[in-house]
1. Run down Pro15, Pro41 and say which single residue is surrounded by fewer than 17 Cβ atoms within 10 Å (Cβ to Cβ), over 19 Å from the mean Cα position of the chain (by Cα) and under 14 Å from Ala209 (Cα atoms).
2. Can you confirm whether region 191-198 contains a residue that is surrounded by 12 or more Cβ atoms within 10 Å (Cβ to Cβ), within 24 Å of Arg69 (Cβ to Cβ), in contact with an Asp or Glu (Cβ under 8 Å, 6 or more places away or on another chain) and not aliphatic (A, V, I, L, M)?
3. Need at least 3 residues that are of a type in the set (A, V, I, L, M) and either farther than 18 Å from Trp102 by Cα or at pLDDT 95 or above (or both) per element, so show me which strands (runs of 3 or more DSSP E) inside region 1-75 make the cut, counting only ones lying wholly within it.
4. From the list Phe109, Phe91, Phe174, which residue is over 28 Å from Arg25 (Cβ atoms) and buried (at least 19 other Cβ atoms within 10 Å of the Cβ)?
5. Quick check: is even one residue across region 182-192 part of a strand (DSSP E or B), farther than 17 Å from Ile36 by Cβ and not hydrophobic (A, V, I, L, M, F, W, C)?
6. Given the conditions (1) of a type outside the set (S, T, N, Q); (2) open to solvent by 40 Å² or more (accessible area, probe 1.4 Å); (3) in contact with a strand residue (DSSP E or B) (Cβ under 8 Å, 6 or more places away or on another chain), report the number of the one that Ile58 does not fulfil.
7. Based on what the data block shows, is Asp210 open to solvent by 40 Å² or more (accessible area, probe 1.4 Å), in contact (Cβ under 8 Å) with a residue 12 or more places away in the chain and either of a type in the set (Asp, Glu) or under 22 Å from Ser45 (Cα atoms) (or both)?
Amino acid sequence: MRFNPIDLESWSRKPYFEHYLNHVRCTYSMTANLDITRLLPELKSKGIKLYPALIHMIATVVNRHIEFRTCFDSEGRLGYWDSLSPSFTIFHEDDKTFSSIWTSYSEDFKEFYGRYLDDIGRYGDVKEFAAKADEPPNTFPVSSIPWVSFTGFNLNVYNDGTYLLPIFTMGKYFQQDEKIMLPLSGQFHHAVCDGYHAGVLYNELQIRADECEDWLPNE
């Protein structure tokens, strides 16, 4: 886990960063439907849960691009992490509350899935906001609202608009014609990424879904 400071003076994004952080502080949301027509039956045939598969897909694409790993560290320095791990919510059916758990990322899905299952087994019944302690600083949030197939979702973070990492919220999948679609909302900070970067992320997520046989375990 390494944080790499950015030299603002030599950074090509400096004028955009300063404009959207200091002059017109701006975050934006984008919601798009992922086609999981190929992914869902493949997961079911292998007995793999959808939620961690989607979390891994998102984390894999996030870790491919510096724009989604750029933030301020605890000392207020601007930079980017070598990698990010997902911090995700789980729902407690009995009292309708939720908790947050983080799982260390691995590009290898089988390894990540094993870690996810271990974390759920250890902390899934812990009734605290942060069920798993000692969350490292290089995490980003993922959550799910599996009860509604929303067409838009906007998350308002009141911290002076300096939280730069992306935040993801997925909804209930639904059938549209012959396809199975799942809404995914991303919250982005305009200081570090533009609509182009968000578009790249969604397009790469779709490729991951379409090519799921390449990264899901065979057994």
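1. Being surrounded by fewer than 17 Cβ atoms within 10 Å (Cβ to Cβ), over 19 Å from the mean Cα position of the chain (by Cα) and under 14 Å from Ala209 (Cα atoms) holds for just one of Pro15, Pro41, which is Pro41.
2. yes
3. Working: elements: 3-5, 27-35, 70-72.
Hits in region 1-75: 27-35.
4. Details: Phe91 fails: buried (at least 19 other Cβ atoms within 10 Å of the Cβ); Phe174 fails: buried (at least 19 other Cβ atoms within 10 Å of the Cβ).
Residue meeting the stated conditions: Phe109.
5. Yes, there is a match, as at least one residue in region 182-192 is part of a strand (DSSP E or B), farther than 17 Å from Ile36 by Cβ and not hydrophobic (A, V, I, L, M, F, W, C).
6. Among (1) of a type outside the set (S, T, N, Q); (2) open to solvent by 40 Å² or more (accessible area, probe 1.4 Å); (3) in contact with a strand residue (DSSP E or B) (Cβ under 8 Å, 6 or more places away or on another chain), the lone unmet condition for Ile58 is (2).
7. Numbers: open to solvent by 40 Å² or more (accessible area, probe 1.4 Å): yes; in contact (Cβ under 8 Å) with a residue 12 or more places away in the chain: yes; either of a type in the set (Asp, Glu) or under 22 Å from Ser45 (Cα atoms) (or both): yes.
Judged against the criteria, Asp210 is a match.
Each row is one residue, and each column tells you yes or no for (1) open to solvent by 70 Å² or more (accessible area, probe 1.4 Å); (2) closer than 14 Å to Ile55 by Cβ; (3) in a loop (DSSP other than H, G, I, E, B); (4) among the aromatic types (Phe, Trp, Tyr).
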position: Leu117; (1), (2), (3), (4): yes, yes, no, no
position: Ile120; (1), (2), (3), (4): no, yes, no, no
position: Asp125; (1), (2), (3), (4): yes, no, yes, no
position: Lys132; (1), (2), (3), (4): no, no, yes, no
position: Pro137; (1), (2), (3), (4): yes, no, yes, no
position: Trp147; (1), (2), (3), (4): yes, no, yes, yes
position: Thr151; (1), (2), (3), (4): yes, no, yes, no
position: Leu155; (1), (2), (3), (4): no, no, yes, no
position: Gly161; (1), (2), (3), (4): no, no, yes, no
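The values are calculated or read from the model by the stated rules, or taken from the named source; none is laboratory data. Being a predicted model, the structure only gives us computed values, none of them experimental. Positions of Cβ are backbone-derived with ideal geometry, glycine not excepted, and every protein chain shown enters the neighbour counts. Quick note on the areas: whole protein, heavy atoms, side chains included, nothing else; ligands and nucleic acids left out. Shrake-Rupley method; radii C 1.70, N 1.55, O 1.52, S 1.80 Å.
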